[in-house]
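One structure below.
The values are calculated or read from the model by the stated rules, or taken from the named source; none is laboratory data. Given the structure is predicted, the values throughout are model-derived calculations rather than measurements. Cβ atoms come from the backbone with ideal geometry, glycine included; neighbour counts cover every protein chain shown.
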Amino acid sequence: MSVRNHRAEAQERTERTEDRPSPDAVLEIDGVTKTFGSDCAVDSLSLSVREGELLTLLGPSGCGKTTALRLIAGLERPDEGTIHVGGERVATAGERAFVPPERRDVGVVFQDFALFPHMTAAENVAFGLADWNADDRERRVAELLEMVGLSAYAENTPEELSGGQQQRIALARSIAPEPEILLLDEPFSNLDVDLRVEMREEVRRILKGAGVTGISVTHDQEEAMSISDRVAVMAEGRIEQVGTPEGVFQHPRSRFVAGFLGHASFLPGYISGDLVETPLGPVGRDRIHGLAAEYDYTRIDVLVRPDDVLARPAEGERADGRVTYRRYLGPTVLYRVELDSGETVEAMHNHSDRLSLDTPVTVELAAAHDLAWFPAEE
Ligand code: ATP
């Protein structure tokens, strides 16, 4: 039986499900590579971002996110490839054509906000508007302070503002000159946990309100999924997958993406007609996403996440496995169940559920959505 190259098929599937950028992209990165010595930080990266979109580069430490951001800002020169901002070619490898950062229509919000400590909030916001006439400048500053909810703090200096307020001023300052693109480098890393969640909503609201095209960088999956229109998952200098948060989470193109975006277990399945035989019993073939006929009578691995799985004490029924791990997380409890067949699955339950270690359990696939899958590994 010939099995088509899975990656090509996965790509096809993703392209069908993905919300693709329009041709009128504000940012176009084409085949960009950047190496430092023998270290390839960004490897043949291509990406386009459409006007008004908020896209997040997401990936583990060292995958090249910051280098990608610095290439867009003009703080690094590409070794290969081209970058266009607002239709203007701002960088091409091997040519002198290189638009320096200050002449690119790109704003940056730094991790530490980098506000000028001796200036008031209003003066900070006005910083990039030196060539505007005084009336327009005053109007723009007032408009932005209102947008970020800090009109009453116009005369305060940064040290008189809370972390969240400082971030709002930093955003207002970067948006003020109406850049084509706003880059946000780990925008929430300097805020405490509670404020981070609040500011995610707030930053998205402000950027959307201003109609700014934003590109942010983070290694925090939840943050990326909660603020972004699209997420680009990176590994080792390359983009593994770009798509809507729902698209990349539900239909990951690779096991890496599946595992990086949340807990992932892989349940072996054998495709037999309309059913997929698994250690948890048969699953309807129609519950497996985009399973092509070429895969009939082959082994696959079905992606199951903890919220797809329900474990119950076996109580007389034949158990599927035993609870081997339990982690209380406040609102939820994460269980790991070792199946009699040898595989392990995880189940996320409400915090009031009590399953002790070693309890024999039945395990049900409770997901209402279709399930992603990968060809079995040899
Ligand atoms: P983090 O989340 O930890 O900030 P990152 O995904 O942003 O990581 P980068 O900072 O872009 O990753 O780094 C990618 C790779 O390039 C790493 O191996 C890093 O050591 C290397 N690198 C980045 N900048 C430089 C530099 N100026 N000189 C040498 N190597 C660099």
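Of the listed requirements (1) under 25 Å from Val337 (Cβ atoms); (2) surrounded by fewer than 19 Cβ atoms within 10 Å (Cβ to Cβ); (3) over 22 Å from the mean Cα position of the chain (by Cα), Asp286 misses just one: (1).
If you check Gly52 against the conditions, is it within 12 Å of the ligand (Cβ to nearest atom), surrounded by fewer than 19 Cβ atoms within 10 Å (Cβ to Cβ), modelled with pLDDT under 95 and under 19 Å from the mean Cα position of the chain (by Cα)?
no
Only a single item in (1) outside any strand (DSSP E or B); (2) touching a Pro at 6+ places or on another chain (Cβ under 7 Å) is not met by Glu76, and it is number (2). The residues in the range 310-342 that are of a type in the set (Asp, Glu), surrounded by fewer than 19 Cβ atoms within 10 Å (Cβ to Cβ) and in a loop (DSSP other than H, G, I, E, B) can be counted, and the count is 3. Candidates in the range 80-99 are the residues that are surrounded by fewer than 16 Cβ atoms within 10 Å (Cβ to Cβ) and not in a strand (DSSP E or B); of these, the one that is nearest to the ligand (Cβ to nearest atom) is Gly94. Answer yes if at least one residue in the range 56-67 is in the same structural domain as Leu207 (by TED's automatic domain parsing), more than 16 Å from the ligand (Cβ to nearest atom) and hydrophobic (A, V, I, L, M, F, W, C), and no otherwise. No, the range 56-67 contains no residue that is in the same structural domain as Leu207 (by TED's automatic domain parsing), more than 16 Å from the ligand (Cβ to nearest atom) and hydrophobic (A, V, I, L, M, F, W, C). Among the residues of this structure, Asn124 does not count as one that is modelled with pLDDT under 95 and out of contact with any strand residue (DSSP E or B) (no Cβ under 7 Å at 6 or more places or on another chain). Each residue in the range 200-219 was checked for being more than 16 Å from the ligand (Cβ to nearest atom) and not in a helix (DSSP H, G or I), and 4 of them qualify. Annotation note: of Glu222, Glu277, Glu246, the sole residue that is part of a strand (DSSP E or B) and among the acidic types (Asp, Glu) is Glu277. For the range 100-126, the set of residues classified as assigned to a loop (DSSP other than H, G, I, E, B), within 27 Å of the chain's Cα centre (by Cα) and either closer than 19 Å to Gly86 by Cβ or among the polar types (S, T, N, Q) (or both) consists of Arg104, Asp105, Gln111, listed by residue number. Taking the condition within 16 Å of the ligand (Cβ to nearest atom) and surrounded by 14 or more Cβ atoms within 10 Å (Cβ to Cβ), does Asp43 pass? Considered against the rule, which asks whether it is within 16 Å of the ligand (Cβ to nearest atom) and surrounded by 14 or more Cβ atoms within 10 Å (Cβ to Cβ), Asp43 comes out as yes.
Mind checking whether some residue in the range 291-302 is touching a residue at least 24 places away in the same chain (Cβ under 8 Å), farther than 23 Å from Ala232 by Cα, in contact with an Asp or Glu (Cβ under 6 Å, 6 or more places away or on another chain) and of a type outside the set (Ser, Thr, Tyr)? The answer is no, given that none of the residues of the range 291-302 is touching a residue at least 24 places away in the same chain (Cβ under 8 Å), farther than 23 Å from Ala232 by Cα, in contact with an Asp or Glu (Cβ under 6 Å, 6 or more places away or on another chain) and of a type outside the set (Ser, Thr, Tyr).
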